[in-house]
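*Asks:* Starting off with a structure, shown below.
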Amino acid sequence: MRRGSTHRVFLSEFVRNFHTTGSLLPSSRFLGAALARGVEKSPRHGPRRILEVGPGTGAATHHLVAALKPEDRLELVEINPRFVELLEARFAQEPAWRSVRDRVSIHCQRIEALEASEPYDAIVSGLPLNNFAVADVEQILAVFERLARPGGTLAFFEYIAIRSAKAAVSGRSERQRLQEIGRVLERFLADKSDRSAVWLNFPPAWVHYVQFPGEDDNA
Ligand SMILES: C[S@@+](CC[C@H](N)C(=O)[O-])C[C@H]1O[C@@H](n2cnc3c(N)ncnc32)[C@H](O)[C@@H]1O
């Protein structure tokens, strides 16, 4: 599928559903690749269960599809039916995507409501957390923790300095919301994450790589 068509759908969804879409453009291929690299950090050797949350038009999905091994499973959870339609079209039309279609499930729903039959080895998230209420961010992070296998990984991004830039031009309550999200993320990331900057994206982004405690860590 042409980049122009995915960008057009993304832009129109930004206008229609700003709160959930969160950005004007899909992630660049550099950011998509950096997110997908989170899966390689999973310590799992056998077949992997991979979850992508908020795939949008498939910027990271493209790289996940390319790296999928024959026994792996990929599940996509996307709240916006227009993005789901576009993803279905990519799985029908693009040869690399078509070749893995039988190992992929697409759920058109909110991640908060996902009932997983088994935990995931790796989670990749494109959710625009800085757009959400503090309680929703806390709930989503708790959902990630619940869905991940002990020792599993999570990769997600946020635009560099976006919270402080937005806070500088916002009123008091919006500033407090952004600052509180910053504190929630700081607590969540402490002691179990590293991050990498992706400059070739608009805007540039941090990718956070989280490794959840393994079974031995809880002993
Ligand atoms: C910033 S866009 C990222 C899209 C894509 N991953 C990328 O990097 O280009 C956020 C995506 O998350 C989806 N989304 C937002 N809230 C969601 C939720 N609660 N559950 C599942 N998907 C959600 C949006 O529809 C959108 O596709």
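The values are calculated or read from the model by the stated rules, or taken from the named source; none is laboratory data. Computed from a prediction, not measured in an experiment: that's the story for all the values here. Because the Cβ atoms are built from the backbone with ideal geometry, glycine has one as well, and the counts that use them run over all protein chains shown.
*Asks:* Taking interchain pairs and intrachain pairs at least six residues apart, which have beta carbon atoms under 6 angstrom, with the first residue in segment 20-32 and at positive phi and the second surrounded by fewer than 19 Cβ atoms within 10 Å (Cβ to Cβ) and part of a helix (DSSP H, G or I)?
*Replies:* Between residues of segment 20-32 that are at positive phi and residues that are surrounded by fewer than 19 Cβ atoms within 10 Å (Cβ to Cβ) and part of a helix (DSSP H, G or I), the close pairs are 22/131.
*Asks:* Do any residues in segment 160-182 that are outside any helix (DSSP H, G or I) have Cβ atoms under 8 Å from those of residues that are not hydrophobic (A, V, I, L, M, F, W, C), where the two are at least six apart or on different chains, and which pairs are they?
*Replies:* 160/203; 160/204
*Asks:* Return the pairs, sorted by first residue and then second, in which the second residue is of a type in the set (Phe, Trp, Tyr), the first residue lies in segment 72-91 and is surrounded by 18 or more Cβ atoms within 10 Å (Cβ to Cβ), the beta carbons are less than 6 Å apart, and the residues are 6+ apart or on different chains.
*Replies:* 90/97; 91/97
*Asks:* Also, quick follow-up: Quick check on my filter: what residues within segment 105-133 are assigned to a helix (DSSP H, G or I), touching a residue at least 12 places away in the same chain (Cβ under 8 Å) and either farther than 25 Å from residue 31 by Cβ or among the acidic types (Asp, Glu) (or both)? Please lay out each step first, then the result.
*Replies:* Going residue by residue through segment 105-133, those that are assigned to a helix (DSSP H, G or I) are 111-113, 129-131.
This time we only want the ones that are touching a residue at least 12 places away in the same chain (Cβ under 8 Å), so: 111-112, 129-131.
112 - this is the single residue of segment 105-133 that is assigned to a helix (DSSP H, G or I), touching a residue at least 12 places away in the same chain (Cβ under 8 Å) and either farther than 25 Å from residue 31 by Cβ or among the acidic types (Asp, Glu) (or both).
*Asks:* For residues that are in contact with a Ser or Thr (Cβ under 8 Å, 6 or more places away or on another chain), among the small types (Gly, Ala, Ser) and closer than 22 Å to residue 3 by Cβ, tally how many sit in segment 35-86.
*Replies:* Matching residues across segment 35-86 total 5.
*Asks:* Another one. Under 7 Å between Cβ atoms, at least 6 apart or on separate chains: pull out the pairs that start in segment 190-219 with a residue that is more than 18 Å from residue 144 (Cα to Cα) and surrounded by fewer than 14 Cβ atoms within 10 Å (Cβ to Cβ) and end on any residue that is modelled with pLDDT under 95 and not β-branched (Val, Ile, Thr).
*Replies:* Here the result reads 202/25, each pair linking segment 190-219 to a residue that is modelled with pLDDT under 95 and not β-branched (Val, Ile, Thr).
*Asks:* Out of all the residues in segment 146-157, is one or more at pLDDT 95 or above, loosely packed, with under 15 Cβ neighbours inside 10 Å and in a helix (DSSP H, G or I)?
*Replies:* yes
*Asks:* Quick one: which of 99, 117 is of a type in the set (Gly, Ala, Ser) and either in contact with a Pro (Cβ under 7 Å, 6 or more places away or on another chain) or more than 22 Å from residue 212 (Cα to Cα) (or both)?
*Replies:* Numbers: 117 fails: either in contact with a Pro (Cβ under 7 Å, 6 or more places away or on another chain) or more than 22 Å from residue 212 (Cα to Cα) (or both).
None of the other options fit; the residue is 99.
Residue by residue, here is whether (1) more than 12 Å from the ligand (Cβ to nearest atom); (2) acidic (Asp, Glu); (3) surrounded by 15 or more Cβ atoms within 10 Å (Cβ to Cβ) holds:
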residue	(1), (2), (3)
2	yes, no, no
13	no, yes, yes
16	no, no, no
26	no, no, yes
36	no, no, yes
40	yes, yes, no
45	yes, no, no
55	no, no, yes
67	yes, no, yes
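*Asks:* Now a separate question. Within the group 164, 193, 125, which residue is under 29 Å from residue 7 (Cβ atoms), within 17 Å of the chain's Cα centre (by Cα) and hydroxyl-bearing (Ser, Thr, Tyr)? Don't jump to the end; show me each part of the working.
*Replies:* Working: 164 fails: within 17 Å of the chain's Cα centre (by Cα); 193 fails: under 29 Å from residue 7 (Cβ atoms).
Going through 164, 193, 125 in turn, just one is under 29 Å from residue 7 (Cβ atoms), within 17 Å of the chain's Cα centre (by Cα) and hydroxyl-bearing (Ser, Thr, Tyr): 125.
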